[in-house]
Amino acid sequence: MLVTASLAALFGLGTGALVYFRRVTAGAATLLWLSGFTAASTGLAGPVNDLLTAAVHAISSH
């Protein structure tokens, strides 16, 4: 059975876990979350998506 998950959901869960285990403060997590929206509205969004796609393909091919 193949299970797929959104990278946004996985990163959200990871951020939530870091806040829960107090590895990062809620303020820092919010700042990083908002910076993601800022980066997504720039020309940086395309290369970042390409990098993540390549990483997922590299991981899934093993």
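The values are calculated or read from the model by the stated rules, or taken from the named source; none is laboratory data. Given the structure is predicted, the values throughout are model-derived calculations rather than measurements. Positions of Cβ are backbone-derived with ideal geometry, glycine not excepted, and every protein chain shown enters the neighbour counts.
The residues of segment 31-61 that are polar (S, T, N, Q) and under 13 Å from the mean Cα position of the chain (by Cα), listed by number, are 35, 49, 53. Scanning segment 1-30 for residues that are among the aliphatic types (A, V, I, L, M), surrounded by 11 or more Cβ atoms within 10 Å (Cβ to Cβ) and at pLDDT below 85 yields a count of 1.
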